[in-house]
Amino acid sequence: MKLTTGGGLYVASTLLLGVSAVNTGNNLLFLIVAAMLAFMATTGVLGWLNIRGLTLNVHLPDEVYAGTDTFLSITLHNAKKFLPSFLIRVAVLGETTSFLLVERKRPQSGALLLSFPVRGPLQLAEASISSPFPVNFFIRATSLPIHQDCTVFPAPRPLQVPAPGGKPDAGEAAATASAGYDGELAKISDYRGGEPLKLIHWRLSAKHEVFKVKELTATAAEPLLLELDSIPGRDVEQRLSFCTFLVNRLIKGGRPVGLKLGERVIPPGSTRSHRLRLLTELGNHGKN
């Protein structure tokens, strides 16, 4: 429990009146102090009940990149008590979202924009919920388990894209992370964390609990094996970032890509699950 400025003044006033009542023996002061203590106790019980019985579901997208803003979907449930909850704040890793009203058996959804500074395994163990209800004198808080695990992929950095013949394509030298999405609209799918913001279908997203993105078609090409040690870069982290960009750029462009990490070789593939596998290997490289 945390005292607000108003709460601190209220407690100080109560103590001051209590001391005055004892020193003067004034019955009216005793009644005022008793009323103030009763009010404090009542609001305390209501505030405690307000954050009890809540459960939280957190969903991380399939693609989380180091240093890149990622939407974290949050669903708050109130299924264990008859009373609604008011003015609920949910905090994960220092970022906060608010829910004005969480009615019984009517889940409320929200989102947080998080950024993870380094690549590698990530575990979100708990979230903090708090509320100033019913009066902004005390902020009561508790923790809820969420148990979300994922791998943060290396931050992609643009690099020349190898052409089907094995040499860099001069026309691809200035490619950015948004390249490879230049085909026709294939379908609408859920946001997974790696898509450029320009592909988010904002109008359709407003009608659903999760963000919607446009998926575009692309053409296929011959397989390519990326060898991490052969990727240019000043250090391992920069090579991993370049390799992450190439994996996304090439596979999303329809070209099968494999990966060689030291003595380990992953054969080329072009499916989305294969791309996520390669990104996971890059994210966990050297972390185990």
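Of note:
- Potential lengthening of the chain between ILE188 and ARG277 amounts to 29.8 nm, from the contour at 0.36 nm per residue minus the alpha-carbon distance.
- Segment LEU204-GLN123, length gained on full extension (0.36 nm per residue, minus Cα span): 26.1 nm
- Length added when fully stretched, PHE39-LEU16, from 0.36 nm per residue minus Cα-Cα: 6.7 nm
- Flagged links, alpha-carbon separation over 19 Å, of LYS187/LYS252; LYS80/LYS105; LYS81/LYS105; LYS187/LYS212; LYS252/LYS287: LYS252/LYS287
- The packing ranking, built from the mean of other Cβ atoms within 10 Å per residue, places the peptides 129-138, 20-29 in the order 129-138, 20-29, highest first.
- In range of the label at GLU95: residues from the stretch 123-154 whose backbone nitrogen is under 16 Å from the point 7 Å along Cα→Cβ: 123-128, 148-153
- The protection proxy used here, the mean number of other Cβ atoms lying within 10 Å of each residue, ranks peptides 235-241, 252-258, 30-36 as follows, highest first: 252-258, 235-241, 30-36.
All of the numbers you see were taken from the coordinates with simple rules; none came from a lab. Since we're looking at a predicted model, the values are computed, not measured. Glycine gets a Cβ as well: all are built from the backbone with ideal geometry, and neighbour counts include every protein chain shown.
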